[in-house]
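The values are calculated or read from the model by the stated rules, or taken from the named source; none is laboratory data. From a predicted model like this one, the values you see are computed outputs, not experimental measurements. Every residue, glycine as well, gets a Cβ built from its backbone with ideal geometry; the counts of neighbours run over all protein chains shown. Side chains included, ligands, DNA and RNA excluded: accessible areas come from the protein's heavy atoms. Shrake-Rupley method; radii C 1.70, N 1.55, O 1.52, S 1.80 Å.
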Amino acid sequence: MGYLGLIVCVLALLSCTVTARPATFLQDFRITWSDSHIRQLEGGRAIQLVLDQNSGCGFASKYQYLFGRVSMKIKLVPGDSAGTVTAFYMNSDTDTRRDELDFEFLGNRSGQPYTVQTNVYAHGKGDREQRINLWFDPSAEFHTYSIMWNHHHVIFYVDEVPIRVYKNNEARGIPFPKFQPMGVYSTLWEADDWATRGGLEKINWSRAPFYAYYKDFDIEGCQVPGPANCASNPHNWWEGASYQQLNPVEARRYRWVRMNHMIYDYCTDKSRYPVTPPECAAGI
């Protein structure tokens with residue numbers, strides 16, 4: 001977490017919340033792929049991910065979580081990053097009925113905007129991609145990317161701007177991830193068969209190695225294994241009334257992103273979905 005979640009159970013209220021204190025990368029995460037390509041910086045409070053022709057790399061949280069908020073500050077691969085993908089996501093790590101919440105940052109040719117793709121898997125069903133072009137250079141400085149997940153919706157944030165909302169419409173028969181805890185993952189890898197302009201732009205290995213930087217890891221949620229009543233507790237701050245829908249400022253920012261920066265929405269892709277997916281008709 002960049003902050004180590006300490007679960008505090010208030011027995012009188014049967015509630016479990018999370019407090020935080022500064023932590024180093026390895027207190028909350030483990031390297032899952034190519035430890036030689038992940039370098040700790042600032043005494044372990046920040047890390048550098050490396051992609052070269054030999055390997056990409058990845059890391060994951062030591063624990064899984066059921067509801068809450070996870071965020072990281074990331075500085076993406078600069079310059080000609082076409083064909084690279086920097087991913088930050090949550091995953092239930094189950095084979096058949098996977099739940100997953102994805103940020104995927106798709107590299108670009110120099111001078112072109114960075115694209116972020118989000119996707120939602122619920123009960124094993126995914127293919128819900130949306131893409132926006134970021135309105136700033138995400139390789140110039142750190143920006144905060146967050147996933148807020150409660151019983152009402154999942155919200156993807158870039159800094160304080162919501163870019164995607166996936167509502168809980170179980171009452172309409174639409175799956176929503178709420179039963180399986182998820183771990184937090186991140187990877188830097190080569191995907192030039194699809195990442196940039198549908199695979200038309202290939203990775204330029206003469207620009208390698210490619211670097212992405214992370215810091216301020218923050219996870220606040222119900223750790224699993226942990227107190228059994230935590231995930232269902234209405235006193236968790238992320239279940240509060242102010243987090244059950246976008247506030248007016250967030251709603252305005254959300255509309256602005258959708259109107260000015262969205263470049264792909266599976267909901268309107270008639271070649272893939274001649275019949276509009278039900279969650280789209282439900283106003284997600």
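When the chain is treated as a GNM, springs tying every alpha-carbon pair under 10 Å, which of Glu100, Glu220, Glu129 comes out with the largest mean-square fluctuation?
Sorting by GNM fluctuation, first place goes to Glu129.
Just order 224-233, 152-161 by mean Cβ neighbour count inside 10 Å, highest at the front, would you?
Averaged packing, sorted descending, gives the order 152-161, 224-233.
Of Phe136, Phe105, which has the most accessible area and how do the rest follow, probe 1.4 Å?
So, going from the largest accessible area down, we get Phe136, Phe105.
Report the equivalent ellipsoid semi-axes for segment 133-262 in whole Å, largest first, defined as the square roots of five times the eigenvalues of the gyration tensor built from alpha carbon atoms.
Sorted largest first and rounded, they come to 31, 20, 16 Å.
Would you kindly find the accessible area of Phe142, with a 1.4 Å probe and non-protein molecules such as ligands, DNA and RNA excluded, rounding to the nearest 10 Å²?
60
Among all the lysines, which ones have a C-alpha under 25 Å from Lys215's C-alpha, if same-chain residues fewer than 8 places away are not counted?
Of all the lysines, those that pass the test against Lys215 - Cα under 25 Å, at least 8 places apart if same chain - are Lys62, Lys73, Lys75.
Determine, from the Cβ-Cβ distance of Asp159 and Cys267 and an R0 of 25 Å, the FRET efficiency 1/(1 + (r/R0)^6), rounded to the nearest 0.05.
Details: r = 24 Å, r/R0 = 0.98.
E(calc), rounded to 0.05, equals 0.55.
Tell me what the chain gives for mean residue ellipticity at 222 nm when only DSSP H runs of n ≥ 4 count, each as -39,500 (n - 2.57), the sum divided by the residue total, rounded to 500 deg cm²/dmol.
After summing the helix terms and dividing by residue count, I get -2000 deg cm²/dmol.
Using R₀ = 41 Å, calculate the FRET efficiency as 1/(1 + (r/R₀)^6) where r is the Cβ-Cβ separation of Gln244 and Asn54; round to 0.05.
Calculated transfer efficiency: 0.30.
Take Asp193, project a point 7 Å from its Cα along the Cβ direction, then tell me which residues of segment 78-95 have their backbone nitrogen under 19 Å from it.
Correct set: 82-87.
Once the Cβ-Cβ distance between His152 and Arg109 is put in as r, and R0 is 35 Å, what FRET efficiency do you end up with, to the nearest 0.05?
Using R0 = 35 Å, I get an efficiency of 0.35.
Add +1 for every Lys or Arg and -1 for every Asp or Glu among the other residues with Cβ under 13 Å from the Cβ of Pro162, and state the total.
+4
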